[in-house]
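Inspection log for the structure reproduced underneath, given as structure tokens.
The values are calculated or read from the model by the stated rules, or taken from the named source; none is laboratory data. Just so we're clear, the structure is a prediction, and the values are computed from it rather than from any experiment. Glycine gets a Cβ as well: all are built from the backbone with ideal geometry, and neighbour counts include every protein chain shown.
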Amino acid sequence: MRLSRRSLLRAGLAGTAATALGGLASGCAVPTGSTGRNMVLWYWSGGLSPKVLQKAKARYDSAVNLQAIQIGGYYRSKLMTTMTGRAHVPDIAGLKGEDMASYLPNSDQFVDLRTLGADRLKDRYLTWKWDEAIAEDGSMVGFPIDCGPVAHYYQPAVFEKAGLPYEPDDVSRELDTWEKFLAAGEQLKKRVPGAFILTDALSIYGISVNQTTKRFVDKDRHFIGDQEHVRTAWDRAVEATRRGLVSKIVNGTPDNISATERGLLPSQLNASWAAGDIKLNTPKTKGKWRVANCPGGPSNIGGSFLSITKACREPEKAFEMITWMLDADNQAQGFVDSVLFPSTPASYRMAKLREPDEFFGGQITMDVFGPAAQKIPVAFNSPYDIALKTPIDDELRNFSVLGKDPDQAWKDAMSKCRRIADHLGVSY
Amino acid sequence: MATAPVIDTPPATVTTAPAGPARKGILSHWRLYAAISPFYLLFLAFGLIPVGFSLYLSFHRWDGLGSMEFAGLSQYRYLLSDSQFWGSIGNTVVIWALATFPMIFLAMVTAVLLNSAVRFKNVYRFAYFLPNVTSIVAVAIIFGSVFSTNFGLVNALLQAVGLDQVAWLNSPWGIKVAIATLMTWQWTGYNAIIFLAGLQTIPSELYEAARMDGAGPVQTFFRVTLPLMRPVLLFVLVISTVTGLQSFSEPQVLLQTTDNNSSFAGGPGHAGQTMVLYFFQQTFDNNDFGYGAAVAWGIFLVVVLFSIINWRLVQRRGEE
């Protein structure tokens, strides 16, 4: 068949017109939220228990059609883009804990959960977790999903070989301060050649800051990263490095996995969800781990929230659904399915969370995590924290990895912070 | 709008209707404009408008969700005094140079070998092209293992010949070399294919003539092959500059595990932080969209500068 130029042109024209018209039509009709029976929920892989979502879909099927969409990639920027574009905004949106500070100043994008009666559920959830979702104007942006209490994962066989306490209770009791922890590190280094108690200097610094009630910028938009709580944490990391207690191994490399398997990195300070990573990365170490309290007291890493966006057509229904999905029973299920540590203390006493974990030699890890989760200090997280903590992290890495003079590194970190604070309108 | 007269030159075949005077203006050609419009509409939606918006954004402060606040030139003033931004330009150029020159050399050697290969020609071509179509993320993860300190392949080789271990992903130069090696590995085959195409356009009479004049293989290569390959060489250089200045995935995936807080930091001392990586860090880690836009325009100027250099090179070639 031969196409004449004219017919080609006509076809092209028709196609263009159709595209343009279609584009215009759909452009006018883009829904801000979902329509009709649809209730769209955004979350990320591992953010919610698939089983609980399935049950929720079945349970509310007569009223709404729950569409839980797992968003891949950089979650926050995708959610923000969609909200700014004001099109196809999900009705219910997961918010990651570390991003919370950047959502709170924009609380007008979300339904204030207090208006839906959230306050009557408050006493069932961890207080500090609940407070993390409260914006400056008092409105409640997110409903607590999980949290990440930090614990001390260790390999008892190596600790025993080093002459250190190795039963969980003894480790919790005898390594309860950072001084004792570092002294233990020294003993470990002497007795077990090539072993280090810390993988990198940043974790001890980060956890030390999280154990305090302050971060980097306060409520009045004032930089406080130069104050004692940060300086103490910095000095602790510097001291640990100087005493040779920090390995040179890069996190996440085969070196790290191999050293862990061989018992050369017998200790990890990390959140409850890190248990999943340890199981995944070093399956051969099954049974060789125990969990004890973190030296220096409880702290938290991560944990997220569910929010109802302004685009939601049925906030009452959405609220009913998220409070059901996040009640103590379902949070317990979330822990079993996806290692989501419950923010509902009632879950900690449930039988399925108190099952001995073979990976941890039959230990009931909830005995460590449960009490820790309830004692986490409350801190104010500023949207400027990320920008102003980065130079300090960077300079600490320059010291610990590249061997920069620590005093110079601190000075450089502070002068960078001053510049960035000035740029962001944070007072110094 | 210069396209209309070009299409209009054979008027009788385009339309059977009597061709009106050209004066009648653009409207009489609306069919033609409509026919070419999809590209322009898409370009408008996904090219021009975002570019214009990013320029507008760079004069504001914006956290991505709330209201924008006019900031005048302060983002650009901050950019000029931002040592990390200048450092990222340096990193990009150094990594580009470390990757490109060995890559061109290796690609040329490969192409000459492929050109003279007798058997399994297509198998070799396919094999050399394969790295270029392999997922960069998968490659970077493998390279992370290859360059790891205690159990990496590279250090195993170094130790086999009696050299010391190098903490590749923990030292400023090690990081750059690792990224550059990854890029070299990925692009050598692709460019070898391009060189091969260039080699095959050189008429065999020239080689015969050279042989008659008593030139050896080395002399033939430098006196005949290389001069005739200059345009191809230049093309490869331009393309690798474009890809090199945009390098992002390679350092991002290779170095993300070294950093607990940001996957855009580029390793210790920001040694592997390229310009685009820095742009991502400012925009998406810090939620500083106004400054991110300013950084993007800074990157644009650097690219313009390199384009001018490339253009001058091509120009001079044309004058000869």
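From the list A:Ala118, A:Ala157, A:Ala87, exactly one residue is outside the structural domain of A:Ser338 (by TED's automatic domain parsing) and of a type in the set (A, V, I, L, M). Which is it?
A:Ala157
Consider the range A:194-229. How many of its residues are farther than 20 Å from A:Tyr428 by Cβ and of a type outside the set (Val, Ile, Thr)?
Within the range A:194-229, residues that are farther than 20 Å from A:Tyr428 by Cβ and of a type outside the set (Val, Ile, Thr) number 13.
Checking the condition away from chain A (no Cβ under 14 Å), under 24 Å from the mean Cα position of the chain (by Cα) and closer than 24 Å to A:Asp99 by Cα, which residue from B:Val276, B:Val236 passes?
Selected residue: B:Val276, the only one of B:Val276, B:Val236 that is away from chain A (no Cβ under 14 Å), under 24 Å from the mean Cα position of the chain (by Cα) and closer than 24 Å to A:Asp99 by Cα.
Return the total of residues in the range B:151-172 being more than 11 Å from chain A (Cβ to nearest Cβ) and either closer than 24 Å to A:Ser400 by Cα or in a loop (DSSP other than H, G, I, E, B) (or both).
6
Based on what the data block shows, is B:Ser88 under 26 Å from B:Thr181 (Cα atoms) and not aliphatic (A, V, I, L, M)?
In short, yes.
Which members of the range B:200-226 meet the condition of being part of a helix (DSSP H, G or I), touching a Ser or Thr at 6+ places or on another chain (Cβ under 7 Å) and not small (Gly, Ala, Ser)?
Selection gives B:Tyr207 alone.
Of the residues in the range A:78-104, how many are more than 25 Å from A:Ala328 (Cβ to Cβ) and either of a type in the set (Asp, Glu) or surrounded by fewer than 18 Cβ atoms within 10 Å (Cβ to Cβ) (or both)?
Total meeting the criteria: 8.
Counting only residues that are surrounded by fewer than 20 Cβ atoms within 10 Å (Cβ to Cβ) and touching a helix residue (DSSP H, G or I) at 6+ places or on another chain (Cβ under 7 Å), how many does the range A:299-314 have?
The qualifying residues number 2.
Quick check, is B:Arg119 in a loop (DSSP other than H, G, I, E, B), more than 20 Å from B:Gln252 (Cβ to Cβ) and charged (D, E, K, R)?
Considered against the rule, which asks whether it is in a loop (DSSP other than H, G, I, E, B), more than 20 Å from B:Gln252 (Cβ to Cβ) and charged (D, E, K, R), B:Arg119 comes out as yes.
Give just the number: which of (1) surrounded by 18 or more Cβ atoms within 10 Å (Cβ to Cβ); (2) assigned to a helix (DSSP H, G or I); (3) in contact with a Pro (Cβ under 8 Å, 6 or more places away or on another chain) does A:Lys180 not satisfy?
Condition (1) is where A:Lys180 drops out.
Evaluate the range A:146-154: report whether one residue or more is crowded, with 22+ Cβ neighbours inside 10 Å, at negative phi and in a loop (DSSP other than H, G, I, E, B).
Yes, the range A:146-154 has at least one match.
I need every pair where a residue in the range A:353-374 that is touching a residue at least 12 places away in the same chain (Cβ under 8 Å) has its Cβ under 7 Å from the Cβ of a residue that is of a type in the set (Asp, Glu), sequence separation at least 6 or different chains.
Short answer, once both residue conditions are applied: A:Gln363/A:Asp357; A:Thr365/A:Asp357.
Of the residues that sit in the range A:224-247 and are touching a residue at least 24 places away in the same chain (Cβ under 8 Å) and not in a helix (DSSP H, G or I), which one is nearest to the other protein chains (Cβ to nearest Cβ)?
Checked the range A:224-247; the qualifying residue nearest to the other protein chains (Cβ to nearest Cβ) is A:Ser247.
Here are some residues: A:Ser427, A:Ser347. Which one is crowded, with 18+ Cβ neighbours inside 10 Å and either of a type in the set (Gly, Ala, Ser) or away from chain B (no Cβ under 12 Å) (or both)?
Testing whether each residue is crowded, with 18+ Cβ neighbours inside 10 Å and either of a type in the set (Gly, Ala, Ser) or away from chain B (no Cβ under 12 Å) (or both) leaves just A:Ser347.
Of the conditions (1) at pLDDT 95 or above; (2) closer than 21 Å to A:Gly46 by Cβ; (3) part of a helix (DSSP H, G or I); (4) in contact with a Leu (Cβ under 9 Å, 6 or more places away or on another chain), A:Phe335 satisfies every one except a single condition; which number is it?
Going through the list (1) at pLDDT 95 or above; (2) closer than 21 Å to A:Gly46 by Cβ; (3) part of a helix (DSSP H, G or I); (4) in contact with a Leu (Cβ under 9 Å, 6 or more places away or on another chain), A:Phe335 breaks only (1).
Taking the options A:Ser258, A:Ser203, name whichever one is outside any loop (DSSP other than H, G, I, E, B), free of Cβ contacts under 8 Å to residues at least 24 places away in the same chain and surrounded by fewer than 21 Cβ atoms within 10 Å (Cβ to Cβ).
One residue alone meets the criteria, A:Ser258.
Tell me which of these A:Lys190 doesn't satisfy, since it passes every other one: (1) charged (D, E, K, R); (2) surrounded by 21 or more Cβ atoms within 10 Å (Cβ to Cβ); (3) part of a helix (DSSP H, G or I).
Every condition holds for A:Lys190 apart from (2).
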